[in-house]
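Bear in mind these aren't lab numbers, they're just calculated from the coordinates by the rules spelled out. Just so you know, these numbers come straight off a predicted model, no measurement behind them. Cβ coordinates were reconstructed from backbone atoms using ideal geometry, including for glycine residues, and neighbour counts include every protein chain displayed.
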Amino acid sequence: MGKTSKDKRDIYYRLAKEEGWRARSAYKLLQLDEKFHILKDVVRAVDLCAAPGSWSQVLSKKLYENRKSEDVKIIAVDLQAMAPLPGVIQIQGDITKLDTANQIIQYFNDEKAQVVICDGAPDVTGLHDIDEYIQSQLLLAALSITTHVLAKGGNFVAKIFRGKDTSLLYSQLRIFFEKVSIAKPASSRNSSIEAFVVCQNYSPPIGYVPQMINPMLDDVKLLVEETNSDVNKQIIPFIVCGDLRGFDSDMSYSLNFSDDESTYTYREVVQKPISPAYQEILDKMRTCSLKNGAIVLNRIEEKYSQQKANKDENN
């Protein structure tokens, strides 16, 4: 039995070097495909957040196998440039922009992809809750562009960080896909919190209008009003916030809820704290500010007096 090692250059790292993959993550997609057959009979594929390109390499190998090269189209999308790959078209663009989705469809000659994959992840901080939240926002952005470019019946695969909201994530994805599985391939380290959602048979609700959502910036209320679709008005708050009430406690919203153009009027609180715990700090800050102000004022007066005295001596 082999010994456990803290060396990050594990068997998959060494195999990737031996077999010419750009990263060990290539084996994750290979193992997911072996289990779920997501690349079977696929000729149009999109790799989001593709750099450095190991998943695009897998697509190139699997899709061109036993097929005519003119039938296969693979598009890799990333903000940063990536070294060229044979048979892979690269788009250096933002997955939260509608222009990027339009470029993808244009390369497919107005057809849509049969599979969309995304192995993107933020730079981890080591704080599980923060990493999980940022990864969920990236997944939402990937799902948004996928609703624009994926054909009905297509598949979607993306990285997630497992946490307390995994069941919520499952429910959100089930709105758009007939089958959703959460898998952890053997090449994914046990110490890692990563896993992958494998979403099969894209079936959006009837009447749903694809929207490009930037989860870190967009106001849910404005998103809901962007289309006249009643389906969107019901689904978008749940997809973005996980809450049908439409508000996310981690975001800021305008308080102008009325339809007219009047601005929000600030109102005093009903009852201010009688003796707040922070009062002592406020008093100290106020005293400190007054002292600092007096010191600055004295220095200005001294400087002015000195300049006046110098001027009188020169005269």
**Fill in**
Counted neighbours (other Cβ, 10 Å), sorted fewest up, put HIS148, HIS128 in the order HIS128, HIS148
**Message:** List the lysines whose Cα sits under 28 Å from the Cα of LYS303, skipping any in the same chain fewer than 8 residues away.
**Reply:** LYS291, LYS311
**Histogram of C-alpha separations across segment 1-143, 10 Å bin width, %** = 11, 37, 36, 14, 3, 0
**Item:** Residue of SER25, SER181, SER275 that the Gaussian network model of the chain assigns the largest fluctuation, springs spanning Cα pairs under 10 Å
**Value:** SER275
**Request:** Could you please rank ASP78, ASP10, placing first whichever residue has the fewest other Cβ atoms within 10 Å of its Cβ?
**Result:** ASP10, ASP78
**Message:** Semi-axes of the equivalent ellipsoid for the chain, please: Cα gyration tensor eigenvalues, times 5, square-rooted, ordered largest first, whole Å.
**Reply:** 51, 28, 22
